[in-house]
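For reference, the structure is listed below as structure tokens.
We did not get these values from a lab; they are worked out from the coordinates using the rules stated. Quick caveat, the model's predicted, so the values are computed rather than measured. For neighbour counting, all protein chains shown are included, and Cβ atoms are generated from backbone atoms with ideal geometry for every residue, glycine included.
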Amino acid sequence: MENMFIQVDEVCEILGVSRSKAYQLMRQLNAELEKKGRITIHGKVLRKYFMERFYGEDAV
């Protein structure tokens, strides 16, 4: 079963960005989720939300 959360190494691989850029993007996504009232985990982002934001709802 695929993990519910995506971590920095996988974000780097998928997007082809540095670790610092991946962390920056993850902080942004987590801030968006917090504004929606969601609880977030530092250094991880919900995989479904990541895929929706980068590839659209059709990717999920």
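For this structure, a couple of remarks:
- The alpha carbons of the chain give a radius of gyration and a Dmax of 10.9, 30 Å, in that order.
- Think of the range 5-59 as having a plus end and a minus end, set by charges on the Cβ of Lys, Arg, Asp and Glu; of Ser20, Gly37, Tyr49, Gly37 sits farthest toward the positive end of this dipole.
- Two-site label geometry, Ile14 and Arg47: point separation in nm, points 7 Å out along Cα→Cβ: 0.9
- Residue-averaged 222 nm ellipticity for the chain, from DSSP H runs of 4+ at -39500 (n - 2.57), nearest 500: -17500 deg cm²/dmol
- Other residues lying with their Cβ under 12 Å from the Cβ of Asn30 contribute a combined charge of +4, Lys and Arg counting +1, Asp and Glu -1.
- Taking all Cα pairs closer than 8 Å and separated by 6 or more residues, the relative contact order of the range 5-59 comes to 38 percent.
- Highest-first arrangement of 12-21, 32-41, where packing means the average Cβ count within 10 Å: 12-21, 32-41
- Here the calculated FRET efficiency for Asn3 and Lys35, from their Cβ-Cβ distance with R0 = 22 Å, stands at 0.35, rounded to the nearest 0.05.
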